[in-house]
Amino acid sequence: MTSVEIHDVQKHYGGFHALKDINLSIEEGEFVVMVGPSGCGKSTLLKTIAGLETVTSGKMRISGRDVTRLEPGDRGIAMVFQSYALYPHMTVRENMGFGLRMAKRPKAEIDAAVTRAANILRLEEQLEKRPKQLSGGQRQRVAIGRAITRSPDVFLFDEPLSNLDAALRTQMRVELSTLHAELGATMIYVTHDQVEAMTMASRIVVLNRGRIEQVGAPLELYNNPANLFVAGFLGAPRMNFVAGKVVETSGRSARVACAGGHGVTFDELAEPATRGDTVTIGIRPEKLRIDGAGSDFKFAGQVRLTEYLGRETIVYVDAGDLVTTGSDSGTGVFTVQIGDIRPFQTAASVSIGFDAREAYLFTAEGRTISSPKPVASL
Amino acid sequence: MSGFWRSHRAWMAPTLFILPGALLFGIVIIMASIQTIWVSFFDWDGVGAMQWVGLANYAQLFDDPQFYVSLRNNLIWLGLFMLAPPLGLALALLLNQPIRGMRVMKSLFFVPLVLASVTVGVVFTWVYDPSFGLLSLLFGYFGATAPALLSDEHFVTFAVVVAALWPQVAFCLVLFLAGLNNLSEDLIGAGRVDGARGWPMLWHVVLPQLREVSFIALAVTVIGALRSFDMVAVMTSGGPFGSSTVLAYQMYEQSIFSYRFGYGAAIATVLFVIMAAFIAWYLRTLLKPERESA
């Protein structure tokens, strides 16, 4: 059954168009993660689902009911805020029971719901404490507990882990995934952290400038990004992008030439290319090989910097005329990720390369036209 | 020198900063208070010799019907002034809307704060004037005759308090507006998600966040009611027949006009005790949550 349906939602703040043509359908029990850079509208979209923000136009349905004009409390949702937003003057018990109290439920029912939530979240010892006496992780759990007691149709999370330190974040991530499996409820989760998105989501929604760029399973999005934005946003270190030009086409094949006299042929394109088109080649750092011999596309470069991350090595390679665009480092160097530890001398010459079937090809507008990659089925 | 300063800086710097304030407070407040209590045991015209009378001033005070009039009027002031915080809050909630032009509205409400209270007193004296005042115009509009509020011993205190309430409400309004600005948007959001709206929202989510501001508003209002003096002086001089005096005004009147500094000091001491009791209660309530959260 469809849990949340969003139809043609638009949101304007004065002259600012914050949400553009949002259409999204979420099935019951899904864990949907909305990601995007700051200001992309992901939090705004979550708040419009919650009813904390109104939409300028469009419709929203939750569990089949039209909730577009309903107050947050009447939508069958519960929300966990980044700042926890616990009522500071209430005990943990009162915080968790507040929603039911507002709904005028009998005291026995409230007690039972609070006890159940406290059991799930291991908060039994903290029930009589006030938020100030709790640690960050405990406060976050109380906020989640407050959501659970309302037994909502949909849980909404607004960057709930960003105020926690790294270790606690990993722990809470696992706990939240477990909780989702236990409750089987629909959850919509906003984050800017792509690790959270990749690990927790059943589907990821990538937003950019108020628009949905792509919706899909994490591995699907990682392997087959619909466009240059999604390709660049998911994956760390970031995909390498190189500008090129279509110099020759035949059927669904196209030869792309880049600076420095390099070139590569893409076969079985998803849509045909035209000679003279400006395109962008994308290649993930882990698909670049340091010993480029035998690759479809090979070039020489100099090692600029090497980062040893314990189980992998990241090498930044300067390939002279052949520069990358829009890289994390803000320079034109290539990022190469190697799955083991190997020493590299700075300024040493290396030969690197990749195969065309591992690379992506994007049009000038950023649309992906290279053939879809196989995705491991889970 | 520099070595001495370096090693003692931790306590010397704060001491030096506190010293001017402490000196001033010590002389103007502490010394003056002690002196006042001391003077209250004497019969003194303010110029000549002081004559020890023990508790006679107090005995006379507690037999003085005027003292009870003042005390009753102070209670009226206190009671009516308690309207200022809720009225200020209500206005603040009303003015705290994201509507264009609200800034102008807010500044209009601040106006009485800019006026000296003497001015407010004079303005209201005119408003109440039975011959040309705004009130008489209003009554005249309905074909009625306005009562001479300031010459009526039953209405006079209420009329003065209403005038004094105007700037007091504005003051509370400013405090609450500042407090409303600092409300946590997420907390309000959490409240809305939990289904709180209207009164429950105000009571369970908004007001707890205004706790500190409310306490300040309450304290300033109580102290303002107890030390009220200027409005009475300007509007009625305690009249008619002393029916609108308050303790502070009676003290002033006895000391300055009747040259009875000992008696005035006794009134001041009683007022001091009332204030001290309130402030002690206030500080206890205010400091308790601060200690808890520390």
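For a footprinting-style exposure proxy, rank A:Lys373, A:Lys42 by other Cβ within 10 Å, fewest first.
A:Lys373, A:Lys42
Once phi is turned into θ = phi - 60°, what whole-Hz ³J(HN,Hα) does the Karplus curve with 6.51, -1.76 and 1.60 give for every residue of region A:314-325, x standing for Gly and Pro?
Using θ = phi - 60°, the values come out as 10, 10, 9, 10, 8, 9, x, 5, 7, 10, 8, 10 Hz.
What value does region A:2-232 have for Rg/Rh, both radii from Cα atoms and Rh as Kirkwood defines it?
Rounded to two decimals, Rg/Rh equals 0.97.
Per-residue Cβ counts within 10 Å, from other chains only, averaged over A:99-107: what number is that?
Mean number of neighbouring Cβ atoms from other chains: 3.
For region B:1-150, what does the alpha-carbon gyration tensor say about shape, rounded, prolate or oblate, given a ≥ b ≥ c as the root eigenvalues, a/c under 1.5 as rounded, and a/b over b/c as prolate?
Since a/c reaches 1.5 but b/c is at least a/b, the shape of region B:1-150 is classed as oblate.
Report for the protein assembly as shown the percent antiparallel among DSSP-assigned beta bridges with both residues inside it, nearest 5.
The antiparallel proportion sits near 75 percent.
When averaged across all projection directions, what area in nm² does the alpha-carbon convex hull of region A:176-219 cover?
3.3 nm²
Setting aside same-chain residues fewer than 8 positions from A:Lys107, which aspartates and glutamates have a Cα under 13 Å from its Cα?
A:Glu94
In region B:1-50, how does Rg compare with the Kirkwood Rh, expressed as the Rg/Rh ratio over alpha carbon atoms?
When Rh is taken as the Kirkwood radius, the ratio is 1.37.
What do you get for Rg/Rh over region A:159-263 if you use C-alpha atoms and the Kirkwood form of Rh?
Taking Rg over the Kirkwood Rh, I get 1.13.
Listed here are the pairs A:Lys11/A:Lys104; A:Lys20/A:Lys42; A:Lys298/A:Lys373; which of them are more than 23 Å apart at the Cα?
A:Lys11/A:Lys104
Could you tell me which helices of chain B pass both thresholds, a Cα extent of 15 Å or more along their own axis and a mean Kyte-Doolittle hydropathy of at least 1.0, with helices taken as whole DSSP H runs?
Answer set is B:84-95, B:102-114, B:117-128, B:156-181, B:211-226.
Please arrange A:Glu124, A:Glu27 by how many other C-beta atoms lie within 10 Å of their C-beta, fewest to most.
A:Glu124, A:Glu27
If a/c stays under 1.5 just call it rounded; otherwise compare a/b with b/c (prolate if a/b is bigger, oblate if not). Do that for region B:56-293, with a ≥ b ≥ c from the square roots of the Cα gyration tensor eigenvalues.
oblate
Between region A:228-274 and region B:234-294, what's the alpha-carbon centroid distance in Å?
Computed from Cα coordinates, the inter-centre distance equals 86 Å.
Consider all pairwise Cα distances in the protein assembly as shown and report the whole-number % of them above 47 Å.
46 percent
Which value, in nm² and rounded to one decimal, describes the direction-averaged projected area of the C-alpha convex hull of region A:238-362?
So the mean shadow area of the Cα hull is 7.4 nm².
For chain A, list the DSSP H helices whose alpha carbon atoms reach 18 Å or more along the long axis and whose average Kyte-Doolittle value is -0.5 or above?
A:107-120, A:136-149, A:166-183
Here, each number is a calculation from the coordinates, and none is a lab measurement. If you're wondering where the values come from, they're calculated on a predicted model, not measured in any experiment. Quick reminder, even Gly has a Cβ in these numbers, built from the backbone with ideal geometry, and neighbours come from all protein chains shown.
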